[in-house]
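The values are calculated or read from the model by the stated rules, or taken from the named source; none is laboratory data. Everything quoted here is computed from the prediction, not taken from an experiment. Every residue, glycine among them, receives a Cβ derived from its backbone with ideal geometry; neighbour counts consider all protein chains shown. Each accessible area value is taken on the protein alone, full model and side chains, heavy atoms only, with ligands, DNA and RNA left out. Shrake-Rupley method; radii C 1.70, N 1.55, O 1.52, S 1.80 Å.
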Amino acid sequence: MKVLILGSGGREHALAHRLLKDDTCTSVTVVPGNPGMSKDGIAVADVSLEDFDILSEFIFKQSFDFVFVGPEDPLEKGIVNDLELKGIKVVGPTREAAQLESSKAFAKSFMSQFHIPTSKFKIYTSSDSAIAGLKEFVEGQVVVKVSSLAGGKGVVVAENHAQAQKAIEDFLNNSSCQIKTDKIILEERLYGQEISAFALYDENGFINLGYARDYKRVFDNDKGANTGGMGTFSSDSLVSKELENTINREVFQKVFDGMRELGTPFKGILFAGLMLNGRSINVIEFNVRLGDPETQSLLPRLKGDLTQTLFNQTHNKLNHSLSLDPKAAVHVVMCSKHYPSIDGTALDLGH
Ligand code: AMP
Ligand code: GLY
(Lines give C-alpha, C1' and ligand atoms only; values in the text may rest on other atoms or scores of the structure.)
(Ligands and ions follow the chains in the order given, each with its own letter.)
Protein backbone atom coordinates (compact mmCIF):
# COMPACT_ATOMS: atom_id res chain seq x y z
CA MET A 1 0.00 0.00 0.00
CA LYS A 2 1.14 3.55 -0.75
CA VAL A 3 0.55 5.95 2.12
CA LEU A 4 0.65 9.75 2.20
CA ILE A 5 1.19 11.48 5.56
CA LEU A 6 0.50 15.21 5.88
CA GLY A 7 2.66 17.19 8.33
CA SER A 8 6.27 18.02 9.10
CA GLY A 9 7.08 17.18 12.71
CA GLY A 10 8.47 14.41 14.90
CA ARG A 11 4.99 12.90 15.09
CA GLU A 12 4.80 12.43 11.31
CA HIS A 13 8.40 11.14 11.24
CA ALA A 14 7.57 8.53 13.90
CA LEU A 15 4.41 7.48 12.05
CA ALA A 16 6.26 7.13 8.72
CA HIS A 17 9.00 5.11 10.42
CA ARG A 18 6.43 2.82 12.05
CA LEU A 19 4.30 2.24 8.91
CA LEU A 20 7.40 1.33 6.88
CA LYS A 21 7.87 -1.68 9.18
CA ASP A 22 4.52 -3.19 8.10
CA ASP A 23 4.50 -5.91 5.41
CA THR A 24 1.54 -4.29 3.68
CA CYS A 25 3.23 -0.87 3.43
CA THR A 26 5.14 -0.46 0.16
CA SER A 27 5.89 3.26 0.43
CA VAL A 28 5.33 6.31 2.61
CA THR A 29 5.57 9.91 1.42
CA VAL A 30 5.36 12.87 3.82
CA VAL A 31 4.11 16.27 2.67
CA PRO A 32 5.75 18.70 3.27
CA GLY A 33 7.99 16.64 5.57
CA ASN A 34 11.35 17.88 6.88
CA PRO A 35 15.06 17.38 6.05
CA GLY A 36 15.51 14.92 8.95
CA MET A 37 13.02 12.58 7.31
CA SER A 38 14.92 12.59 4.01
CA LYS A 39 18.12 11.74 5.90
CA ASP A 40 16.22 8.79 7.38
CA GLY A 41 15.27 7.51 3.91
CA ILE A 42 11.63 8.68 4.06
CA ALA A 43 10.28 10.25 0.87
CA VAL A 44 9.14 13.86 1.22
CA ALA A 45 7.46 16.13 -1.34
CA ASP A 46 7.21 19.88 -1.30
CA VAL A 47 3.46 20.30 -1.77
CA SER A 48 1.52 22.96 0.12
CA LEU A 49 -1.14 21.91 2.63
CA GLU A 50 -2.94 25.20 2.02
CA ASP A 51 -4.32 24.49 -1.45
CA PHE A 52 -6.50 21.36 -1.36
CA ASP A 53 -6.91 21.28 -5.17
CA ILE A 54 -3.16 21.13 -5.80
CA LEU A 55 -2.80 18.58 -3.03
CA SER A 56 -5.55 16.33 -4.41
CA GLU A 57 -4.00 16.49 -7.90
CA PHE A 58 -0.75 15.25 -6.35
CA ILE A 59 -2.64 12.47 -4.53
CA PHE A 60 -4.38 11.29 -7.73
CA LYS A 61 -1.14 11.40 -9.72
CA GLN A 62 0.71 9.30 -7.14
CA SER A 63 -2.28 6.94 -6.51
CA PHE A 64 -1.93 6.77 -2.74
CA ASP A 65 -4.16 4.19 -1.05
CA PHE A 66 -4.96 6.55 1.80
CA VAL A 67 -3.92 9.82 3.39
CA PHE A 68 -3.19 10.36 7.11
CA VAL A 69 -3.57 13.93 8.40
CA GLY A 70 -1.04 14.71 11.16
CA PRO A 71 -1.69 18.27 12.44
CA GLU A 72 -4.90 20.01 13.52
CA ASP A 73 -4.82 23.11 11.28
CA PRO A 74 -5.82 21.41 8.01
CA LEU A 75 -8.47 19.42 9.90
CA GLU A 76 -10.01 22.64 11.21
CA LYS A 77 -9.97 23.99 7.63
CA GLY A 78 -11.95 20.99 6.38
CA ILE A 79 -9.30 19.03 4.50
CA VAL A 80 -11.14 15.76 5.17
CA ASN A 81 -14.45 17.15 3.83
CA ASP A 82 -12.64 18.30 0.69
CA LEU A 83 -10.61 15.16 -0.04
CA GLU A 84 -13.51 12.80 0.71
CA LEU A 85 -15.76 14.70 -1.69
CA LYS A 86 -13.15 13.95 -4.36
CA GLY A 87 -13.23 10.24 -3.45
CA ILE A 88 -9.90 10.15 -1.57
CA LYS A 89 -9.66 7.92 1.51
CA VAL A 90 -8.46 9.87 4.56
CA VAL A 91 -7.75 9.12 8.23
CA GLY A 92 -9.07 12.17 10.09
CA PRO A 93 -12.30 13.88 11.18
CA THR A 94 -14.44 16.28 9.18
CA ARG A 95 -14.32 20.01 9.96
CA GLU A 96 -17.52 19.64 11.99
CA ALA A 97 -16.17 16.76 14.10
CA ALA A 98 -12.79 18.51 14.45
CA GLN A 99 -14.54 21.15 16.57
CA LEU A 100 -13.83 18.85 19.52
CA GLU A 101 -10.35 20.39 19.29
CA SER A 102 -10.79 23.61 17.30
CA SER A 103 -13.41 25.02 19.67
CA LYS A 104 -12.93 24.44 23.38
CA ALA A 105 -16.36 26.03 23.90
CA PHE A 106 -17.88 23.33 21.67
CA ALA A 107 -15.90 20.59 23.43
CA LYS A 108 -16.90 21.68 26.95
CA SER A 109 -20.57 22.10 25.99
CA PHE A 110 -20.48 18.69 24.27
CA MET A 111 -19.02 17.05 27.40
CA SER A 112 -21.64 18.68 29.56
CA GLN A 113 -24.49 17.61 27.24
CA PHE A 114 -23.33 13.98 27.04
CA HIS A 115 -22.20 13.61 30.68
CA ILE A 116 -18.51 13.14 29.96
CA PRO A 117 -16.56 13.92 33.15
CA THR A 118 -14.85 17.32 32.99
CA SER A 119 -14.27 20.23 35.34
CA LYS A 120 -16.94 22.84 36.10
CA PHE A 121 -16.81 25.68 33.55
CA LYS A 122 -18.45 28.79 32.13
CA ILE A 123 -18.09 30.35 28.66
CA TYR A 124 -17.87 34.15 28.16
CA THR A 125 -17.86 36.39 25.08
CA SER A 126 -16.63 39.63 26.72
CA SER A 127 -13.83 40.47 29.14
CA ASP A 128 -16.26 42.29 31.47
CA SER A 129 -18.51 39.26 31.88
CA ALA A 130 -15.51 36.91 32.29
CA ILE A 131 -13.91 39.14 34.94
CA ALA A 132 -17.26 39.37 36.77
CA GLY A 133 -17.54 35.56 36.48
CA LEU A 134 -14.24 35.06 38.32
CA LYS A 135 -16.00 35.44 41.66
CA GLU A 136 -17.80 32.13 41.05
CA PHE A 137 -14.42 30.36 41.22
CA VAL A 138 -12.13 29.85 44.22
CA GLU A 139 -9.07 32.13 43.99
CA GLY A 140 -6.00 30.16 42.84
CA GLN A 141 -8.14 27.37 41.43
CA VAL A 142 -9.28 28.81 38.14
CA VAL A 143 -7.95 28.09 34.66
CA VAL A 144 -8.41 30.65 31.85
CA LYS A 145 -8.62 29.23 28.31
CA VAL A 146 -9.22 30.60 24.86
CA SER A 147 -11.76 28.67 22.83
CA SER A 148 -9.80 28.74 19.54
CA LEU A 149 -6.74 26.73 18.48
CA ALA A 150 -3.68 28.28 20.14
CA GLY A 151 -0.85 25.76 19.73
CA GLY A 152 -0.78 25.11 23.49
CA LYS A 153 -0.40 28.83 24.34
CA GLY A 154 -4.03 29.61 25.12
CA VAL A 155 -4.21 28.25 28.68
CA VAL A 156 -3.28 30.01 31.93
CA VAL A 157 -3.51 28.09 35.21
CA ALA A 158 -3.87 31.24 37.30
CA GLU A 159 -2.23 31.50 40.72
CA ASN A 160 -4.70 34.19 41.78
CA HIS A 161 -7.59 36.24 40.43
CA ALA A 162 -5.31 39.16 39.43
CA GLN A 163 -3.38 36.83 37.12
CA ALA A 164 -6.64 35.38 35.78
CA GLN A 165 -7.95 38.89 35.08
CA LYS A 166 -4.76 39.82 33.20
CA ALA A 167 -5.02 36.66 31.09
CA ILE A 168 -8.65 37.44 30.21
CA GLU A 169 -7.78 41.01 29.21
CA ASP A 170 -4.75 39.90 27.19
CA PHE A 171 -6.64 37.20 25.31
CA LEU A 172 -9.71 39.32 24.51
CA ASN A 173 -8.53 42.95 24.40
CA ASN A 174 -4.77 43.14 23.85
CA SER A 175 -4.14 43.62 20.13
CA SER A 176 -0.48 42.61 20.45
CA CYS A 177 -1.47 39.20 21.89
CA GLN A 178 -0.81 36.63 19.12
CA ILE A 179 -3.75 34.48 20.13
CA LYS A 180 -7.13 35.49 18.76
CA THR A 181 -10.40 34.21 20.19
CA ASP A 182 -14.00 35.33 20.51
CA LYS A 183 -14.72 33.24 23.59
CA ILE A 184 -13.04 32.68 26.94
CA ILE A 185 -13.61 29.67 29.17
CA LEU A 186 -13.13 29.78 32.93
CA GLU A 187 -12.87 26.37 34.50
CA GLU A 188 -12.11 24.80 37.83
CA ARG A 189 -8.53 23.62 38.29
CA LEU A 190 -8.07 19.85 38.45
CA TYR A 191 -5.39 18.00 40.43
CA GLY A 192 -3.80 14.62 39.81
CA GLN A 193 -1.74 12.99 37.10
CA GLU A 194 -2.16 13.85 33.44
CA ILE A 195 -2.29 11.21 30.77
CA SER A 196 -2.88 11.22 27.01
CA ALA A 197 -5.28 8.50 25.81
CA PHE A 198 -5.71 7.60 22.11
CA ALA A 199 -8.47 5.87 20.16
CA LEU A 200 -9.08 5.23 16.45
CA TYR A 201 -12.70 5.58 15.28
CA ASP A 202 -14.59 4.60 12.16
CA GLU A 203 -18.32 4.96 11.55
CA ASN A 204 -19.07 1.73 13.44
CA GLY A 205 -16.97 2.00 16.57
CA PHE A 206 -13.50 2.61 17.98
CA ILE A 207 -10.41 0.82 19.21
CA ASN A 208 -8.32 2.05 22.13
CA LEU A 209 -4.73 2.54 20.91
CA GLY A 210 -3.07 3.14 24.29
CA TYR A 211 -1.56 5.84 26.47
CA ALA A 212 1.48 8.07 26.89
CA ARG A 213 2.53 10.77 29.33
CA ASP A 214 3.86 14.02 27.99
CA TYR A 215 6.20 16.30 30.00
CA LYS A 216 5.55 19.90 29.03
CA ARG A 217 7.90 22.06 31.14
CA VAL A 218 11.24 22.96 29.62
CA PHE A 219 13.54 22.15 32.58
CA ASP A 220 14.08 19.06 34.74
CA ASN A 221 11.85 18.48 37.77
CA ASP A 222 8.83 20.03 36.01
CA LYS A 223 10.32 23.55 36.15
CA GLY A 224 10.24 26.33 33.55
CA ALA A 225 7.85 27.40 30.84
CA ASN A 226 5.35 25.11 29.13
CA THR A 227 6.55 23.86 25.74
CA GLY A 228 5.09 21.73 22.98
CA GLY A 229 6.51 18.75 24.92
CA MET A 230 10.04 17.97 26.14
CA GLY A 231 9.65 14.24 26.41
CA THR A 232 7.22 11.41 26.80
CA PHE A 233 6.96 7.81 27.87
CA SER A 234 4.50 5.04 27.26
CA SER A 235 4.16 1.94 29.42
CA ASP A 236 1.53 -0.55 30.59
CA SER A 237 1.95 0.87 34.09
CA LEU A 238 0.15 4.10 33.15
CA VAL A 239 -3.40 2.71 33.22
CA SER A 240 -4.89 -0.39 34.88
CA LYS A 241 -7.41 -2.60 33.06
CA GLU A 242 -10.15 -1.27 35.36
CA LEU A 243 -9.28 2.35 34.55
CA GLU A 244 -9.13 1.52 30.85
CA ASN A 245 -12.69 0.18 31.02
CA THR A 246 -13.78 3.46 32.65
CA ILE A 247 -11.99 5.54 29.98
CA ASN A 248 -13.58 3.50 27.17
CA ARG A 249 -17.06 3.71 28.73
CA GLU A 250 -17.08 7.28 30.09
CA VAL A 251 -15.05 9.02 27.39
CA PHE A 252 -14.52 7.20 24.08
CA GLN A 253 -17.95 5.51 23.87
CA LYS A 254 -19.76 8.70 24.89
CA VAL A 255 -17.92 10.68 22.21
CA PHE A 256 -18.92 8.04 19.65
CA ASP A 257 -22.60 8.16 20.70
CA GLY A 258 -22.77 11.93 21.25
CA MET A 259 -21.21 12.95 17.94
CA ARG A 260 -23.54 10.59 16.07
CA GLU A 261 -26.50 12.06 17.91
CA LEU A 262 -25.42 15.58 16.84
CA GLY A 263 -25.24 14.39 13.22
CA THR A 264 -21.46 14.90 13.04
CA PRO A 265 -20.01 11.40 13.59
CA PHE A 266 -16.40 11.34 14.75
CA LYS A 267 -13.84 9.32 12.80
CA GLY A 268 -10.07 9.35 12.83
CA ILE A 269 -7.88 9.64 15.91
CA LEU A 270 -9.25 11.02 19.16
CA PHE A 271 -6.71 12.09 21.79
CA ALA A 272 -8.23 12.66 25.21
CA GLY A 273 -6.06 14.64 27.64
CA LEU A 274 -7.13 13.23 31.01
CA MET A 275 -6.52 14.12 34.64
CA LEU A 276 -6.44 10.98 36.78
CA ASN A 277 -6.97 11.14 40.50
CA GLY A 278 -7.36 7.76 42.15
CA ARG A 279 -10.29 6.19 40.35
CA SER A 280 -11.68 9.47 39.10
CA ILE A 281 -11.03 10.72 35.60
CA ASN A 282 -11.74 14.10 34.04
CA VAL A 283 -11.21 15.23 30.47
CA ILE A 284 -8.96 18.32 30.29
CA GLU A 285 -9.14 18.58 26.51
CA PHE A 286 -9.77 16.72 23.29
CA ASN A 287 -7.48 16.71 20.28
CA VAL A 288 -8.53 15.17 16.99
CA ARG A 289 -5.13 13.81 15.94
CA LEU A 290 -2.12 11.99 17.34
CA GLY A 291 -0.09 13.86 19.98
CA ASP A 292 3.37 15.26 19.44
CA PRO A 293 5.57 13.98 21.13
CA GLU A 294 3.29 11.21 22.52
CA THR A 295 3.29 9.43 19.14
CA GLN A 296 7.07 9.00 19.32
CA SER A 297 6.74 6.79 22.43
CA LEU A 298 3.39 5.11 21.70
CA LEU A 299 3.83 3.94 18.11
CA PRO A 300 7.01 1.86 18.64
CA ARG A 301 4.94 -0.21 21.14
CA LEU A 302 2.04 -0.89 18.73
CA LYS A 303 2.28 -4.46 17.42
CA GLY A 304 0.36 -5.67 14.37
CA ASP A 305 -0.16 -4.25 10.91
CA LEU A 306 -0.93 -0.58 11.56
CA THR A 307 -1.03 0.25 7.82
CA GLN A 308 -3.73 -2.38 7.24
CA THR A 309 -5.66 -1.19 10.32
CA LEU A 310 -5.64 2.43 9.07
CA PHE A 311 -6.66 1.31 5.57
CA ASN A 312 -9.52 -0.74 7.07
CA GLN A 313 -10.56 2.29 9.10
CA THR A 314 -10.93 4.36 5.92
CA HIS A 315 -13.32 1.67 4.63
CA ASN A 316 -15.26 1.50 7.93
CA LYS A 317 -13.95 -2.01 8.58
CA LEU A 318 -11.90 -1.30 11.69
CA ASN A 319 -10.87 -4.45 13.58
CA HIS A 320 -9.01 -5.20 16.79
CA SER A 321 -5.77 -6.42 15.23
CA LEU A 322 -3.29 -4.31 17.21
CA SER A 323 -1.73 -4.92 20.62
CA LEU A 324 0.81 -3.16 22.81
CA ASP A 325 4.30 -4.44 23.48
CA PRO A 326 4.69 -4.78 27.30
CA LYS A 327 8.08 -3.04 26.99
CA ALA A 328 8.06 0.67 27.84
CA ALA A 329 9.22 3.36 25.42
CA VAL A 330 10.81 6.73 26.22
CA HIS A 331 11.30 9.71 23.94
CA VAL A 332 13.49 12.72 24.79
CA VAL A 333 13.34 15.99 22.86
CA MET A 334 16.55 17.86 21.97
CA CYS A 335 15.98 21.57 21.61
CA SER A 336 17.90 24.81 21.15
CA LYS A 337 18.99 26.76 24.23
CA HIS A 338 16.27 29.40 24.04
CA TYR A 339 13.36 27.09 23.33
CA PRO A 340 10.42 27.79 23.76
CA SER A 341 11.33 31.43 23.01
CA ILE A 342 9.25 32.66 20.13
CA ASP A 343 10.59 36.23 20.05
CA GLY A 344 13.10 35.71 17.26
CA THR A 345 16.11 35.10 19.56
CA ALA A 346 18.84 33.33 17.59
CA LEU A 347 18.97 29.60 18.16
CA ASP A 348 21.99 28.59 20.24
CA LEU A 349 22.95 25.16 18.93
CA GLY A 350 25.66 24.80 21.60
CA HIS A 351 23.03 23.66 24.14
P1 AMP B 1 -5.19 22.18 27.32
O2 AMP B 1 -4.69 22.91 26.11
O3 AMP B 1 -6.62 22.43 27.64
O4 AMP B 1 -4.80 20.73 27.34
O5 AMP B 1 -4.32 22.75 28.54
C6 AMP B 1 -2.90 22.73 28.52
C7 AMP B 1 -2.39 22.30 29.88
O8 AMP B 1 -2.90 23.19 30.89
C9 AMP B 1 -2.87 20.92 30.29
O10 AMP B 1 -2.06 19.90 29.75
C11 AMP B 1 -2.77 21.02 31.80
O12 AMP B 1 -1.43 20.84 32.24
C13 AMP B 1 -3.18 22.45 32.09
N14 AMP B 1 -4.63 22.50 32.37
C15 AMP B 1 -5.62 22.78 31.50
N16 AMP B 1 -6.82 22.74 32.11
C17 AMP B 1 -6.60 22.42 33.39
C18 AMP B 1 -7.43 22.24 34.55
N19 AMP B 1 -8.75 22.37 34.48
N20 AMP B 1 -6.83 21.92 35.71
C21 AMP B 1 -5.48 21.80 35.81
N22 AMP B 1 -4.64 21.97 34.78
C23 AMP B 1 -5.18 22.28 33.57
N1 GLY C 1 1.55 16.82 23.29
C2 GLY C 1 0.34 17.52 23.26
C3 GLY C 1 -0.26 17.70 21.93
O4 GLY C 1 0.10 17.06 20.96
O5 GLY C 1 -1.19 18.51 21.83
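Assorted remarks:
- Strands (runs of 3 or more DSSP E) fully within region 190-259 that include at least 2 residues being within 16 Å of ligand 2 (Cβ to nearest atom), over 26 Å from residue 111 (Cα atoms) and modelled with pLDDT of 95 or more: 223-234.
- Residue check, residue 318 assigned to a loop (DSSP other than H, G, I, E, B) and touching a Ser or Thr at 6+ places or on another chain (Cβ under 9 Å): yes
- Looking across region 141-160 at every residue that is at pLDDT below 95 and more than 20 Å from residue 99 (Cβ to Cβ), the one that is most open to solvent (accessible area, probe 1.4 Å) is identified as 159.
- Any hit, region 261-272, residues being farther than 22 Å from residue 145 by Cβ, open to solvent by less than 70 Å² (accessible area, probe 1.4 Å) and modelled with pLDDT under 95: no
- Annotation note: of 215, 211, 201, the sole residue that is of a type in the set (Ser, Thr, Tyr) and over 23 Å from residue 97 (Cβ atoms) is 215.
- All strands (runs of 3 or more DSSP E) inside region 89-159 with 1 or more residues being of a type in the set (D, E, K, R) and either within 15 Å of ligand 2 (Cβ to nearest atom) or within 22 Å of residue 191 (Cα to Cα) (or both): 121-124, 142-146
- Taking first residues from region 72-93 that are within 18 Å of residue 12 (Cβ to Cβ) and without any contact (Cβ under 8 Å) to a residue 40 or more places away in the chain and partners that are open to solvent by 10 Å² or more (accessible area, probe 1.4 Å) and basic (Lys, Arg), the Cβ contacts under 9 Å between residues at least 6 apart in sequence or on separate chains come to 77/95; 83/89.
- Pairs linking a residue in region 216-230 that is closer than 16 Å to residue 156 by Cα to a residue that is more than 11 Å from ligand 1 (Cβ to nearest atom) and open to solvent by 90 Å² or more (accessible area, probe 1.4 Å), with Cβ atoms under 9 Å and 6 or more positions apart or on different chains, are 217/223; 225/219.
- Restricting the first member to region 317-339 and to residues that are within 14 Å of residue 232 (Cβ to Cβ), and the second to residues that are hydroxyl-bearing (Ser, Thr, Tyr) and surrounded by fewer than 14 Cβ atoms within 10 Å (Cβ to Cβ), the beta-carbon pairs closer than 8 Å and six or more apart or on different chains are 328/237.
- When residues in region 274-285 are screened for being touching a strand residue (DSSP E or B) at 6+ places or on another chain (Cβ under 8 Å) and open to solvent by 10 Å² or more (accessible area, probe 1.4 Å), 7 of them pass.
- Among the residues of region 166-199, just one is within 11 Å of ligand 1 (Cβ to nearest atom), under 14 Å from residue 130 (Cα atoms) and touching a Gly at 6+ places or on another chain (Cβ under 8 Å), namely 186.
- Where residue 127 falls short, out of the listed (1) open to solvent by less than 20 Å² (accessible area, probe 1.4 Å); (2) under 22 Å from the mean Cα position of the chain (by Cα): (2)
- Sole exception among (1) touching a residue at least 24 places away in the same chain (Cβ under 8 Å); (2) part of a strand (DSSP E or B) for residue 171, by number: (2)
- Out of 330, 288, sole residue that is at negative phi, within 16 Å of ligand 2 (Cβ to nearest atom) and surrounded by fewer than 15 Cβ atoms within 10 Å (Cβ to Cβ): 330
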